[in-house]
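Taking it in order: structure first as structure tokens, then the write-up.
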Amino acid sequence: MEMRAVYAACLAELMEKDRHVVLLDADLGKASGTMNLRKQFPEQCFDCGVAEQNMASIAAGLSSYGFKPWIESFTPFATRRICDQIAISISYSKRNVKIVGTDPGISAELNGGTHMSMEDIGVVRSIPGMVIFEPVDEVQLRAAMPVLNAYDGPVYIRLFRKEQPVVFSENYKFDLFKADVMKEGKDLSIFVSGMMTKDVVEVAEELKAEGIDAEVINVHTIKPIDRETVLASARKTGAVLTVENHNVIGGLQSAVLEALAEEKIPVCAVGVQDRFGEVGKLPYLRQITGLTKENILAKARKALSLK
């Protein structure tokens, strides 16, 4: 299934069980896959129009009265555009609002640079009190939705809209604040988030054929990062690689480096190199931003050479 379809189905289950769960969108119900929820739950869905700042403020107000608002828009409009509302109306005020940003990083594809947010994690991560979550596949998203809804506080969810390859089994157990060790290893720690996870799993198999035993850890919650798991893995292997569909400044690499600040462990990174996006399909965008398996392999070897 498309990730947005899974998100909408899970949201419907939550809204069915609890009338306090409400959805606000900025005239993007069709794009977010939630248009049918308006028919199913007409008293729990609100189209705020192309007015994201107002949408965030309304959500904060609804939260003050005991509602559990979910708000959604394309990633740059769910972060950059409403940054002050997130900081003051939501996080500073300790409001229970879930913020969904769709099409993160290069997944915005043909919508181009204006809709291609490479810095959204960095923007939100700098705001006190925020939790940042990025699902890998539909299995993880299904497991996470009720947990996110039950969490009493603001969360930013970075949601890939289209289909994602499944990497987790159906018996997967989700812990919001614990990273997932997908493969244990002794030579190199690879920390990865979001859509890049499948690539890293495949790269680890290629490295295995070269005699390199890589540990693969999916960091689904980038703030607060699971520092304990990061430290334990890095100390064990002595070399680190981070892989993310985000600017290397402010995102997963920055969070990992902060956790390892007092450690003498080399860290290399695969991510967007401090640039804006442009119009294109994923294969082209992967090439120009370096988000390819070939580059992951090259950076893995470089990290190992620095040990």
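Could you list, in sequence order, all residues of segment 260-291 that are outside any strand (DSSP E or B), touching a residue at least 12 places away in the same chain (Cβ under 8 Å) and closer than 17 Å to Ala303 by Cα? Spell out how you get there, then give the answer.
So in segment 260-291, the residues outside any strand (DSSP E or B) come out as 260-266, 273-291.
This time we only want the ones that are touching a residue at least 12 places away in the same chain (Cβ under 8 Å), so: 260, 263, 265-266, 273-282, 285-286, 289-291.
Scanning segment 260-291 gives Leu260, Glu263, Ile265, Pro266, Gly290, Leu291.
Looking at segment 141-190 only, could you name the residues that are among the polar types (S, T, N, Q) and closer than 30 Å to Glu210 by Cα? Once the filter is applied, which keeps residues that are among the polar types (S, T, N, Q) and closer than 30 Å to Glu210 by Cα, segment 141-190 yields Gln164, Ser169, Ser189. Within segment 140-184, being under 19 Å from Lys223 (Cβ atoms) and in a loop (DSSP other than H, G, I, E, B) holds for Tyr151, Asp152, Gly153, Pro154, Phe160, Phe174, Asp175, Leu176, Phe177, Lys178, Ala179. Looking only at residues of segment 232-247 that are of a type outside the set (S, T, N, Q) and in a helix (DSSP H, G or I), we find that the one that is surrounded by the most Cβ atoms within 10 Å (Cβ to Cβ) is Ala234. Give the residues of segment 149-160 that are out of contact with any Leu (no Cβ under 7 Å at 6 or more places or on another chain) and within 14 Å of Asp18 (Cα to Cα), sorted by residue number. Matches in segment 149-160: Ala150 only. Scanning segment 205-222 turns up no residue that is modelled with pLDDT of 95 or more, part of a helix (DSSP H, G or I) and within 20 Å of Asp175 (Cβ to Cβ). Looking at Ser107, Ser57, Ser91, Ser63, which is the one that is over 22 Å from Met145 (Cβ atoms), small (Gly, Ala, Ser) and in a helix (DSSP H, G or I)? None of the others qualify; the one that does is Ser57. Do we find that Arg125 is under 16 Å from Val230 (Cβ atoms) and either of a type outside the set (Lys, Arg) or outside the structural domain of Gly290 (by TED's automatic domain parsing) (or both) in this structure? Yes. Within segment 248-259, does at least one residue satisfy the condition of being surrounded by 23 or more Cβ atoms within 10 Å (Cβ to Cβ), closer than 22 Å to Glu184 by Cα and free of Cβ contacts under 8 Å to residues at least 60 places away in the same chain? Yes, segment 248-259 contains at least one residue that is surrounded by 23 or more Cβ atoms within 10 Å (Cβ to Cβ), closer than 22 Å to Glu184 by Cα and free of Cβ contacts under 8 Å to residues at least 60 places away in the same chain.
The values are calculated or read from the model by the stated rules, or taken from the named source; none is laboratory data. Treat the numbers as computed from the prediction; the structure is a model and nothing was measured. Heads up, the Cβs are rebuilt from the backbone with ideal geometry, glycines too, and the neighbour counts pull from every protein chain shown.
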